[in-house]
Amino acid sequence: MTPAKQSRHALGIACGVGAGALWGIVFLGPQVLSDFSPVELSAGRYLAYGLASLLLIAPIWKRLSGRVTRVDWKALFWLSLAGNIVYFLFLVVAIQKAGIAVASLIVGLVPVSASLFGGGHSDSLRLRALIGPLALILAGVAAINIDLFSHGGGPDATTFDLILGVACAVAALLSWTAYAVYNARHLKAHPHFTSNEWSLLTGLMTGAQALLLMPAFVLGPKHGMDAFPLFWGVVTVTAIGASVIGNALWNGASRMLPISLSGQLIVFETLFALLYGFVLEHRVPRPLEWLAVALLMSGILWSAHKHRVAPENAH
């Protein structure tokens with residue numbers, strides 16, 4: 001590898017790690033703003049994301065608008081709904097009911113779930129080739145759930161809350177998996193947008209959808225005016241940090257690195273979310289949590305390795 005390629009490789013990895021560090025902050029908001037409902041948090045975050053996208057897309061809108069077809073707008077509607085609004089609603093409930101550790105570890109299975117449900121391509125692996133990694137991952141999920149139900153998940157958590165939290169984490173995983181698979185398929189079939197342009201169009205559509213959630217602030221629980229500076233501060237940092245800057249860093253990593261390597265870097269979102277969660281809770285991981293992290297990370301990296309070497313062994 002030449003020095004130029006080494007520098008590009010290192011920069012790509014740095015961008016991927018940076019994206020994971022910023023995406024991890026998404027898991028903090030629901031705990032910091034636990035008095036706000038999932039709908040309110042979703043509305044606030046995606047209104048901020050939509051406004052940021054509007055400001056960034058305005059200078060290029062004249063040359064961009066003519067390329068957006070009716071098929072693109074339809075895809076943007078469903079992808080924004082699944083990958084942002086619905087995903088985040090489920091994620092917030094999962095975090096508030098079961099905690100950051102459980103939510104981040106289950107949602108962190110996206111690299112594997114996308115591989116399983118994104119079949120039909122020449123680089124897809126058959127299910128039997130993933131039995132080993134999946135066994136590790138299932139063991140990790142079992143470990144984190146045993147720990148969760150053993151420790152009660154918090155002083156006020158009921159068994160129903162814990163079950164609801166785990167179910168919502170799985171629903172968030174499935175929602176984001178559907179987004180990842182169909183978003184990639186649409187971009188491959190309609191390559192007339194750059195990654196940044198498509199990201200901004202997604203933000204624009206998501207912001208428009210978030211307007212429909214605004215009645216939650218009127219119909220939901222009342223909050224004192226002193227609660228809103230923190231609310232808007234957190235959702236704005238999340239929107240700009242995770243959605244705008246984080247996505248831009250990820251697009252950079254995707255361009256500079258092989259897909260097999262960039263896919264592995266998604267695990268840094270999970271690791272940073274766990275780190276932030278333990279810092280927020282002022283504690284170190286319990287033994288079963290350490291075991292769950294080790295099993296899940298091993299399973300995901302093993303799966304990524306199998307996807308990397310599969311094309312090389314193909315005949």
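None of the figures in this text is laboratory data; all of them are computed from the coordinates on show. Fair warning: this is a prediction, and the values are worked out from it, not measured in the lab. When we count neighbours, we look across all protein chains shown, and the Cβ atoms used for this are built from the backbone with ideal geometry, even at glycine.
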Residue among Gly203, Gly224, Gly140 with the largest mean-square fluctuation in a Gaussian network model of the chain, springs linking Cα atoms under 10 Å | Gly224
Two-site FRET efficiency, Asp226 against Thr159, from Cβ-Cβ distance with R₀ of 45 Å, rounded to 0.05 | 0.85
For the chain, calculated [θ]222 nm from helices alone, where every DSSP H run of n ≥ 4 adds -39500 (n - 2.57) | -23500 deg cm²/dmol
Hand me the trypsin sites (Lys or Arg not before Pro) from the range 50-99 located in a DSSP loop with no more than 14 other Cβ atoms within 10 Å, in residue order please.
-> Arg67
Taking a ≥ b ≥ c as the square roots of the eigenvalues of the Cα gyration tensor, with a/c under 1.5 meaning rounded and otherwise prolate when a/b exceeds b/c and oblate if not, the range 194-297 is oblate
Exactly which trypsin sites (Lys or Arg not before Pro) in the range 151-250 are in a DSSP loop and have at most 10 other Cβ atoms within 10 Å?
-> Lys222
Report the relative contact order of the chain, percent, no decimals, based on alpha-carbon pairs under 8 angstrom and at least 6 residues apart.
-> 44
Lysine pairs, Cα distance under 25 Å, 8 or more residues apart or cross-chain: how many in the chain?
-> 6
Under unit Cβ charges (Lys, Arg +1; Asp, Glu -1), what dipole magnitude, rounded to 20 debye, does the range 26-313 have relative to its Cα centre?
-> 980
Per the Cα gyration tensor, the range 1-125 corresponds to an equivalent ellipsoid with semi-axes, largest first in Å, of 27, 24, 19
Using every pair of alpha-carbon atoms in the range 26-313, split the distances into 10 Å bins beginning at 0 and state the percent of pairs per bin, rounded to integers.
-> 6, 27, 34, 24, 8, 1, 0
How high is the FRET efficiency from Trp78 to Leu138, r the C-beta distance, R0 25 Å, rounded to 0.05?
-> 0.25
